[in-house]
Amino acid sequence: MVNIILKFLKRIKRVLVGMLCGGLRYSLNIIYILILPPIISTLTYFSKIYLKLKNVIRLLLLSKEMRCLENKKNEYLRVGDLGYKVGLESLGLPKEKINEIKNIHKKFKEVIIGKIDQDGFILSYFGKIHGLPTVNEEDFVKRIRNKIFIVSINQYIGVKKKFNNKYRFINEIITLNKLGLASCNVPAVLDIDFKNLSLTISYINGSVLREELAKKGAILRDREVNHPIFKDLNISEVWLKRIKNGRKFLNKVVNTEFIEKLYNELRKIHSSGVLIRDIKYGNVIIEKRTVSPYLIDFDGSIVLNKIEKNIFRVLFDHDIELFNLHFGTKKLTYKKIREKIKNRKIPYLDNLYAPAYFGYGLRIGNIADTNVGYGRWNYILKNNIPDLKGKRILELGANNFFNGLQMLRYGASEVIGVEVDCKQIAIGEFVKEIYEWVDNKKYNFKCINANMKDIPKMNLNKFDIVTAFCSIYYLDDESIKNLVRYISSMSNVFIAQCNREKNIKRSNPRTYVKASINYNLKIIRESGFSNIKIVSPYLYSRPLIIAQKK
């Protein structure tokens, strides 16, 4: 009991010292982080109400928004002109039919080739189309919402959607334009008819994932809703049954690389501020030439501005949850991360070295401690290390990747970390995954599981900056000298953090000496770094040495 109380008091002391070192602004930030989780939970409910109110306002101002879009029509078409397009010859019609369509084009800009049913089957007006699912008039399944046609427009293949809803019509135009500007894998806008509420987008030359799964045996098509496997099921149960049935056949159609590419495309769309809300097999196209995933059907999407995107970040989890359901993945969501942290499901969390704050109230470890992790970065590192933009960085003693990931978040192009402890690496992989979820981007961080003294044997080439935050002094004297000398040959900038704390029960008393400023300065100067700056705040036990060559 006494040990528990002492441990608790020691932790409180470290928090208070950290907040004292960090100052008022830092202390207020820590308090804000601690009270944020319940606010986030409330915000999730508020966001749904907010979006409903926003939609009501949009509906009231729909006519005004329509006029605004009409004025921007040429702008939207210019963006579409730079997007994905395929020529008429790619469709799979016989040559004589292609020529027939070209002759019609001499009089008309647009030629309707056929209409598309609820399952994506084509009722062709020019005969069978090779490689595409076609259907006769009798078996054509009428679409539930919009009528859709496959057309030739200026001899490019297009898909023409006739909307019966202004809101959805406007939504699809705005979303495709935004995603086109972001170079996402989506169709390009080829033509807009505001009077008749029709939008023509480019045809993606490939196969619909739903149809490929159906060919392998999945019961997914709408024409199969009366199949025995759906007997006595309600609408929600049928929906879930179809997804699970499709998932059984996924590995016969696509591989894990394709699924990962599709997820990256989803995250790219999220980065543009678009919440899809309709992830399903029928909205994924496997492009024929590149075998890349393309997404279609955005009339039900929500476009968020920059402020909304940051405030309502957790809304994107709806898409991720749908993705996980359809593709059998375990991609992170706010809920999953929060549960993992709360239930301590993070690997080797008891061995955590660097506390981390991820945003949205998500944190691990004592973030008030300015000696390590989040506290150290905000207190001494981020405002003192040189400009990181575009820099290639080597981090010696990467621990759980926290500092390396912060350097990438602040603009570094690549960070290579060297870490000997496999447990810290395991924590680091999870930390990296969370930051990639938070920031909605991939980080170019690579970790080498090795002792930093072996760097000279690795042939890692040149770096703009090499860092050693409270790490290099654990090597023996000779190894430290050799390593710093080698660092001077691979980089013009070396940043080392010392540790002058005395009562920390080091197993080797010599380490106190090797962690001192004087010891490090001597070796750094002898290795050719002559331009040296020391950052040593009052009461702070871990001063920083920033060394550069002239």
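The values are calculated or read from the model by the stated rules, or taken from the named source; none is laboratory data. Computed from a prediction, not measured in an experiment: that's the story for all the values here. Note: ideal-geometry Cβ built from the backbone for every residue, glycine included; neighbour counts use all protein chains shown.
The residues listed here are ILE98, ILE144; of these, the one that is surrounded by 14 or more Cβ atoms within 10 Å (Cβ to Cβ) and among the aliphatic types (A, V, I, L, M) is ILE98.
Residue count for region 423-452 satisfying the condition of being closer than 13 Å to LEU394 by Cα and crowded, with 16+ Cβ neighbours inside 10 Å: 4. Of the residues making up region 476-497, those that are part of a helix (DSSP H, G or I) and among the charged types (D, E, K, R) are ASP477, GLU478, LYS481, ARG485. Only one of the numbered conditions (1) at pLDDT below 70; (2) over 30 Å from SER536 (Cβ atoms); (3) surrounded by 11 or more Cβ atoms within 10 Å (Cβ to Cβ) is violated by PRO38, and that is (3). The C-beta contact set for region 391-407 (first residue within 12 Å of THR467 (Cα to Cα) and in the same structural domain as VAL431 (by TED's automatic domain parsing), second residue of a type in the set (Gly, Ala, Ser) and assigned to a helix (DSSP H, G or I), distance under 7 angstrom, 6+ apart or interchain) comprises GLU395/GLY404; ALA398/GLY404; ALA398/GLY428.
For the subset of region 301-321 comprising residues that are touching a strand residue (DSSP E or B) at 6+ places or on another chain (Cβ under 7 Å) and closer than 13 Å to LYS54 by Cβ, which member is surrounded by the fewest Cβ atoms within 10 Å (Cβ to Cβ)? The qualifying residue surrounded by the fewest Cβ atoms within 10 Å (Cβ to Cβ) is VAL303. So, VAL513, is that one of a type in the set (A, V, I, L, M) and within 25 Å of GLU260 (Cβ to Cβ) or not? Judged against the criteria, VAL513 is not a match. Among the criteria (1) within 32 Å of the chain's Cα centre (by Cα); (2) in contact (Cβ under 8 Å) with a residue 12 or more places away in the chain; (3) not in a loop (DSSP other than H, G, I, E, B), the one TYR443 does not fulfil is (3). Scanning region 455-475 for residues that are touching a Leu at 6+ places or on another chain (Cβ under 9 Å), part of a loop (DSSP other than H, G, I, E, B) and not charged (D, E, K, R) returns LEU460, PHE463, SER471, LEU475.
Looking at ARG289, ARG277, which one is of a type in the set (D, E, K, R) and closer than 25 Å to PRO133 by Cβ? Of ARG289, ARG277, the one residue that is of a type in the set (D, E, K, R) and closer than 25 Å to PRO133 by Cβ is ARG289.
Hey, can you tell me all the residues within region 247-262 that are in a helix (DSSP H, G or I) and either within 21 Å of LYS288 (Cβ to Cβ) or touching a strand residue (DSSP E or B) at 6+ places or on another chain (Cβ under 8 Å) (or both)? Listed by number, the residues that qualify are LEU250, ASN251, LYS252, THR256, GLU257, PHE258, ILE259, GLU260, LYS261, LEU262.
Within the set VAL415, VAL484, the sole residue that is closer than 18 Å to PHE529 by Cα and buried (at least 22 other Cβ atoms within 10 Å of the Cβ) turns out to be VAL484.
For (1) surrounded by 13 or more Cβ atoms within 10 Å (Cβ to Cβ); (2) hydrophobic (A, V, I, L, M, F, W, C); (3) at pLDDT 95 or above, each residue gets a yes or a no:
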residue	(1), (2), (3)
ASP232	no, no, no
ILE235	no, yes, no
VAL238	yes, yes, no
ILE259	yes, yes, yes
GLU265	yes, no, yes
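Residues in region 450-488 that are farther than 24 Å from ALA515 by Cβ and touching a helix residue (DSSP H, G or I) at 6+ places or on another chain (Cβ under 9 Å): LEU460, ASN461, LYS462.
Checked against the criterion of being in a helix (DSSP H, G or I) and either within 30 Å of VAL56 (Cα to Cα) or of a type in the set (Gly, Ala, Ser) (or both), region 211-219 contains one or more residues that satisfy it.
For region 128-148, the candidate set comprises residues that are within 14 Å of ASP297 (Cα to Cα) and not in a loop (DSSP other than H, G, I, E, B); within that set, the residue that is farthest from the chain's Cα centre (by Cα) is LYS147.
Of all residues assigned to region 410-418, none qualifies as being part of a helix (DSSP H, G or I), touching a residue at least 12 places away in the same chain (Cβ under 8 Å) and of a type in the set (Phe, Trp, Tyr). Looking across region 502-550, just one residue is in a loop (DSSP other than H, G, I, E, B), of a type in the set (D, E, K, R), surrounded by 13 or more Cβ atoms within 10 Å (Cβ to Cβ) and more than 40 Å from the chain's Cα centre (by Cα), and that is ARG506. Quickly run through region 352-384 and pick out the residues that are assigned to a loop (DSSP other than H, G, I, E, B), among the small types (Gly, Ala, Ser) and in contact (Cβ under 8 Å) with a residue 24 or more places away in the chain. Correct list: ALA354, GLY361, ALA368.
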